[in-house]
Structure formats: C-alpha cells, structure tokens
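Encoded as structure tokens, the structure appears first; notes follow it.
The values are calculated or read from the model by the stated rules, or taken from the named source; none is laboratory data. Keep in mind that this is a model prediction, so the values were computed, not measured. All Cβ positions, even for glycine, are placed from backbone atoms using ideal geometry, and neighbour counts span all protein chains on display. Calculation scope for accessible area: heavy atoms of the full protein, side chains included, ligands and nucleic acids excluded. Shrake-Rupley method; radii C 1.70, N 1.55, O 1.52, S 1.80 Å.
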Amino acid sequence: QVQLVESGGGLLQAGGPLRLSCVASGSIFSINTMGWYRQAQGKQRELVAAFTSGSSSTNYAYSVKGRFTISRDNAKNTVYLQMNSLKFEDTAVYYCHANIMTLRTLQNINYWGQGTQVTVSS
C-alpha cells in the first residue's frame, strides 16, 4: 500500500507564509509526479501546483503564480508547497496528489492525501 501524508496546514492572517509538506511512503517503485490541489468550500477541487510527469517542469494555477513555490526532495519522497503572501481566497483544504508506480503491480496509480486545512483570515 501507498500513503500520502500531508502536514503544515493551519490558521493564519492574510499576508503570512505557510509551508505544506507531503510524504509518500509504502510500496513505491517510482514516483512519476507529485503536486498539490485544493478545494474551497462549495467549489471544485483545482490544481494549485504540480511537477510535470517525467520532468522537473512545474505548473501553477494562475492565481498563485509568484506567491507559491512547489519543490521536492526525491530522496525523501516528499513534496513541499511554500505559500507566501497568503490571501483570504487561498482558504481551502489542500490535497497532495501523486502518480506512483507500485512495487506490487508495477502500474501507475493516482493517490491522494487526506487533506490539510489552510484558513487565511482577512
């Protein structure tokens, strides 16, 4: 089995920084891509930032460009999301996503973390 565990969410005032972390563990053969999505109350889940599969290129939602930075530590199977200049509209549950080839099946499977709440007060 594979697990994604997020950490780092919380409550903070607008303008502040916050860093999210996500660690992938379990029966992992290789990780194709990792990224972050978010879902605000009453809205659909949307991409925040992610690494492009098979490369080190990144994609960002337009609304977070210049404020958020995604990074990763391949040796630790960890992806980070540094969020700066947070706004009220960044309030959401943030989910880690990974596309992983598992040892057991050698198939690429999408996995999601349980989500971590980020609340920004205005």
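Can you pull the percent of region 48-93's accessible area that's carbon plus sulfur, 1.4 Å probe, other chains left in place?
Exposed carbon and sulfur together represent 48 percent of the surface.
Which value, in debye to the nearest 20, gives the size of the charge dipole of the chain about its Cα centre, when Lys and Arg are +1 and Asp and Glu are -1 at the Cβ?
So the dipole magnitude of the chain works out to roughly 60 debye.
Of all the Cα-Cα pairs you can form in region 10-97, what percent are over 17 Å apart?
In whole percent, the share of Cα-Cα pairs in region 10-97 beyond 17 Å is 47.
Suppose accessible area is computed on protein heavy atoms with a 1.4 Å probe; arrange LYS65, LYS87 from highest to lowest.
Output order, biggest surface exposure first: LYS65, LYS87.
Hey, if we sort VAL79, VAL93, VAL23 by accessible area with the 1.4 Å probe, largest down, what's the order?
Accessible-area ranking of VAL79, VAL93, VAL23, largest first: VAL23, VAL93, VAL79.
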